[in-house]
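Contents: one structure, followed by commentary.
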Amino acid sequence: MIVLKTGRELKIMKEACSISAGALEAAGKAVEPGVTTAEIDRLAEEYIRRRGGEPNFKNYEGYPATACISINNEVIHGIPSEKRKLRAGDIVSIDLGAKFDGYHGDNAATFACGDVSPEAKRLMDTTRESLYEGIRAACAGGRIGDIGHAVQSYVEARGYSVVRQFVGHGVGTHLHEAPEVPNYVIPHFGRGARLVPGMAIAIEPMINLGTRRIRVLDDGWTCVTADGKPSAHYENTIFISENGPEVLTNPE
Ligand code: MF3
Ligand code: CO
């Protein structure tokens, strides 16, 4: 069931999303050679709690940290660790969210650690742009499937591939709500649910340089590309208003 948000709920979601975005910004600023992913995770958690929120990934289905930090060939759900030091040239995907007053925010971005290869930079830029292509397609009157169509056509035209196993989602009193928001077109599925004012969704393309196939490591969480090539991930929580899509995950 897709739950539409009232004006009162939107106001709370804006704060949850602002906290999420501020924490992501703080985490991204900490990305530099020599820093451990556990240090970045602590910064993010401190930021969220300082603003009166709670890290909403922590304990979600047993997830042990505030942020997912996924490096290079890691696609999503990398677990922060004291043993994992960032190195110059890494691309670092950070995904995190905050719960505030009963509502969730969710966002992600990929950050460059020091100087990265032109190939990695182009993957990051294309993935970020594909998120905005998806957002521009998220207009009332359209359909959920328009978002995936926009993302997929943009990235495939540039030679990249779209991860299939994970998708965007509705956001509200739960981190993951209906509807699912795929970043690709599902053949024979149709265009999906209609987009109507009041919907809040997270759009989150995961884009690979090589094959779209991924696998999960033995830790049960970390997803890596099947061919070892890099991957990037960007995510915003957005609200479908009468006047078009509104990005909620802006740092204040
Ligand atoms: N990264 C997921 C999303 O953006 C949620 C994280 S699941 C967790 O929807 F278990 F890692 F928290
Ligand atoms: Co999400």
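The values are calculated or read from the model by the stated rules, or taken from the named source; none is laboratory data. Bear in mind that the values here come from a model prediction, so they are computed numbers and not experimental data. Cβ sites come from the backbone with ideal geometry, for glycine too, and all protein chains shown count toward neighbours. Keep in mind that these areas ignore ligands, DNA and RNA; they rest on the heavy atoms of the full protein, side chains included. Shrake-Rupley method; radii C 1.70, N 1.55, O 1.52, S 1.80 Å.
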* Accessible area in the full protein assembly, largest first, 1.4 Å probe, for Ile214, Ile79, Ile238 -> Ile79, Ile214, Ile238
* To do: Determine the sum of side-chain charges near Thr66: Lys and Arg each +1, Asp and Glu each -1, restricted to other residues whose C-beta is under 11 angstrom from that of Thr66.
  => -2
* Asked: Once you charge only the Cβ atoms, +1 for Lys and Arg and -1 for Asp and Glu, what is the size of the charge dipole of the chain about its Cα centre, to the nearest 20 debye?
  -> 280
* Short version: ³J(HN,Hα) in whole Hz for each residue of segment 212-222, in order, from phi by Karplus 6.51 cos²θ - 1.76 cosθ + 1.60 (θ = phi - 60°), x for Gly and Pro, what are they? -> 7, 6, 9, 9, 9, 6, 5, 5, x, 10, 4
* Percent of C-alpha pairs per 10 Å bin, the chain, short to long -> 8, 34, 38, 18, 2
* Rank Lys83, Lys14, Lys99 by mean-square fluctuation in a GNM of the chain with C-alpha springs under 10 angstrom and give only the top-ranked residue. => Lys83
* **Probe 1.4 Å, accessible area per residue of segment 26-69, Å²** => 47
* Asked: What nm distance separates the two modelled labels at Lys121 and Ala140, each placed 7 Å from Cα along Cα→Cβ?
  -> 4.1
* Asked: Using a Gaussian network for the chain with springs between C-alpha atoms less than 10 Å apart, which of these wobbles most: Thr127, Thr237, Thr225?
  -> Thr225
* To the nearest 10 Å², what's Arg158's accessible area with a 1.4 Å probe? -> 90
* Asked: Among Gly192, Gly210, Gly34, whose mean-square fluctuation peaks in a Gaussian network model of the chain (Cα, cutoff 10 Å)?
  -> Gly34
* Within the chain, helix-based [θ] at 222 nm, where runs of 4 or more DSSP H residues each add -39,500 (n - 2.57), nearest 500 -> -9000 deg cm²/dmol
* **Accessible area per residue in Å² at 1.4 Å probe, computed on segment 121-172** => 37
* How big is the Rg/Rh ratio for segment 1-118, C-alpha atoms only, Rh by Kirkwood, two decimals? -> 1.02
* Structure fact -> Placing one equal point scatterer on each C-alpha of segment 84-233 and summing with Debye, one gets log10 I(q)/I(0) at q = 0.13, 0.17 Å⁻¹ equal to -0.61, -1.02
* segment 77-161: equivalent-ellipsoid semi-axes (sqrt of 5 x gyration tensor eigenvalues, Cα, Å) -> 27, 22, 9
* **Counted charge near Asp146, where neighbours are those whose Cβ lies closer than 11 Å (Asp, Glu -1; Lys, Arg +1)** => +3
* To do: Note down the magnitude of the dipole of segment 20-60 about its Cα centre, charges +1 on Lys and Arg C-beta and -1 on Asp and Glu C-beta and zero elsewhere, to the nearest 20 debye.
  => 160
* Assigned charges on the beta-carbon of Lys, Arg, Asp, Glu; segment 83-229 dipole about Cα centre (debye) -> 260
* **Dipole-positive endmost among His233, Ile76, Ser153 within the chain (Cβ charges, Cα centre)** => Ser153
* Read phi for every residue in segment 196-202 and hand back ³J(HN,Hα) as whole Hz from Karplus 6.51 cos²θ - 1.76 cosθ + 1.60, θ = phi - 60°, with x for Gly and Pro. => 10, x, x, 7, 10, 9, 9
* Structure fact -> Here the net charge surrounding Leu248, from other residues whose Cβ is less than 12 Å away from its Cβ (Lys, Arg +1; Asp, Glu -1), is -3
* Distant-in-sequence amide H partners of Gly244 (H built 1.01 Å from N, under 5 Å) -> Ala140
* Asked: Rounded, prolate or oblate: which fits segment 13-73, taking a ≥ b ≥ c as square roots of the Cα gyration tensor eigenvalues, rounded meaning a/c under 1.5, else prolate when a/b beats b/c?
  -> oblate
* Structure fact -> In segment 1-127 the accessible area split gives carbon plus sulfur, as whole percent at 1.4 Å, a share of 50
* **Segments 199-206, 86-93 sorted - mean Cβ within 10 Å per residue, highest first** => 199-206, 86-93
